[in-house]
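Worksheet: the structure to be examined is printed underneath.
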Amino acid sequence: MNAAREPGSRRRVAARGARPSLRVTRAAVVPAVLVLLALVGAGLTALSGGGDPAPVGATTTGTLVDHTTFACPDLPAARGTTSSVGLGLAPAPADVQPPGGGSVTQGPVTSAAASGGRPVDVRRGSVVGLRADGGPAVDATGGAAAGLFGFRTDAESGRTLAVDSCPAPRSQWWFTGAGAGLDHSSTLVLANLDPGPAVLDLHVLGPDGPVDTVATDGITLAPHSVKRVALSEIAPQTDELAVHVSTSRGRVAASVDDRYSPRPSAAQGQEWLSGTDLPSRTLRLAGLPATTARTTLLVANPSDSEAVVDVRLAGKAGTFAPAGLDAVTVAPGAVESVDLSKVLPKKEPLAVRLRSQVPVVASVRSLAGDDHSYATPVAPLVGPAAAPVVKGADPTVQLTAGAVAAKATVTAYDAKGAKVDSTALTVDATATAAWSPKKGAAYVVVEPAPREDGGGALHGAVTYAGGGAASVPLTALPLRVERPRVQPGLG
């Protein structure tokens, strides 16, 4: 039997954060050709022998990123809300040496940042502020592209707080936990940063299954343009939704501005709902605050089969099944909601792991005062990740290990790149650990230990408390493009 549901709602999962679009240098082309030749050679050797395929050994090698593009959400600030945008260039890890030079430009999406934007002087280790007007698009080349990140914050007089990483364009987006009702409303913000048009479809799932929408297939988004879609216009009077954005041509950067009222007719809190790219059979949701008034799991099932979702919590002592909570059953094409408030440990950092026999998408909504935040799907970190420290809010870095214990170094920097605080975290297998930096930091960098140094898989998020509530998932910075280096086996 499932835990109690919120009135008028039902029960969603996928994992992976948005990564800036990448381009490798011309020097990478020749090694790539050699890789293909090696693969072909190994295959021919195996076939000519007439027996089992020859063993193939594989390692990985990295090529430095030399081009990064992303866009911050282009949505005017609400009355009484102060919006700001920051741009940072994180220090490079010891094993990465980006070349000097390069360029960073920014401007409204309509200006085509690469050609019509304004230069930005952002030095390695520093964070600079940008105008939030127009949702700036950012384009970086050369050494300045490696480790670049952007973020937007929205705050209303100590009552609400919203934080969002500026996403890079891609072809698939899933958002779980949006709404189109009186007390819960969301706006989808789409940006086409490319010189060609993007053609996209919007599909919406609700508590009763797929939602019939009008004029949401074959939408054309002109080059260097922005489109805002109020979900109440395409799926009215539905409080719990999952939204799928898919392009048949081109790609888009997508964000969801989410407004939620904890009580009927009460003031709405604000949060940016992070998206993932694909549904998954295993999801890890990170970004639950240690203290919350009410917590709701939202699971969407895009498949044609019923989903039975097993729920586990990753706390400070490891992963466990919450007492009193059975598996969550989600009908095909539907969204189900489950109240987790009574099954969560108090004042303990947590992550949620979901497993299903069919791919799902999901999020966890947490209420704190008049505000709310979301824990969304996250992928294991394949390199350093960065997140802002918001003025007036207390940040907490939360990291969860996989099947084996993991290690990470977490460092806080000020806006000029000076180190403010640092710690070495060891996270037990399947457990969650938390750390908060000293005052004066502008951003934090999480650097997972390499596997050869005893580091296991890590994933996580940064939560913010005080003056509202917010959460932002940790996603690896654009530093290197990893590709396989394959060698033919012997004999």
Worksheet item: Which of the residues that make up the range 200-209 are surrounded by fewer than 16 Cβ atoms within 10 Å (Cβ to Cβ) and not acidic (Asp, Glu)?
Response: 209
Discussion item. Residue under question is residue 291, and the condition is that it be surrounded by fewer than 24 Cβ atoms within 10 Å (Cβ to Cβ) and either at negative phi or at pLDDT below 95 (or both); does it hold?
Written reply: yes
Worksheet item: Is it fair to say residue 424 is under 27 Å from residue 166 (Cα atoms), modelled with pLDDT of 95 or more, surrounded by fewer than 24 Cβ atoms within 10 Å (Cβ to Cβ) and hydrophobic (A, V, I, L, M, F, W, C)?
Response: no
Discussion item. Test of understanding: among 305, 341, which residue is of a type in the set (Gly, Ala, Ser), closer than 27 Å to residue 396 by Cβ and surrounded by fewer than 24 Cβ atoms within 10 Å (Cβ to Cβ)?
Written reply: 341
Worksheet entry | Qualifying position, being farther than 28 Å from residue 466 by Cα, small (Gly, Ala, Ser) and in contact with a Lys or Arg (Cβ under 8 Å, 6 or more places away or on another chain), among 356, 337 | 356
Item to complete: Answer yes or no as to whether residue 447 is of a type in the set (Asp, Glu), more than 24 Å from residue 169 (Cα to Cα) and modelled with pLDDT of 95 or more.
Response: yes
Worksheet entry | All positions within the range 66-120 that are among the β-branched types (Val, Ile, Thr) and within 16 Å of residue 143 (Cα to Cα) | 68, 69, 96, 104, 105, 120
Fill in: Residues located in the range 419-469, provided they are among the aliphatic types (A, V, I, L, M), closer than 24 Å to residue 479 by Cα, more than 18 Å from the chain's Cα centre (by Cα) and part of a strand (DSSP E or B)
420, 424, 425
Worksheet item: In the range 306-403, which strands (runs of 3 or more DSSP E) lie fully inside it and hold 2 or more residues that are within 20 Å of the chain's Cα centre (by Cα)?
Response: 307-315, 350-368, 371-377, 385-388, 394-401
Worksheet entry | residue 194 of a type outside the set (A, V, I, L, M, F, W, C), closer than 21 Å to residue 135 by Cα, in contact with a Lys or Arg (Cβ under 9 Å, 6 or more places away or on another chain) and not in a strand (DSSP E or B) | yes
Worksheet item: Scanning for something surrounded by 19 or more Cβ atoms within 10 Å (Cβ to Cβ) and under 20 Å from residue 392 (Cβ atoms), does the range 450-458 turn up at least one residue?
Response: no
Item to complete: Answer with yes or no whether residue 350 is more than 26 Å from residue 210 (Cα to Cα) and touching a Leu at 6+ places or on another chain (Cβ under 6 Å).
Response: yes
Discussion item. I'm checking my understanding of the structure. Among residues of the range 239-288 that are surrounded by fewer than 18 Cβ atoms within 10 Å (Cβ to Cβ), assigned to a strand (DSSP E or B) and small (Gly, Ala, Ser), which one is nearest to the chain's Cα centre (by Cα)?
Written reply: 246
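The values are calculated or read from the model by the stated rules, or taken from the named source; none is laboratory data. Only a predicted model underlies this, so the values are computations on that prediction, with no experimental measurement involved. Every residue, glycine among them, receives a Cβ derived from its backbone with ideal geometry; neighbour counts consider all protein chains shown.
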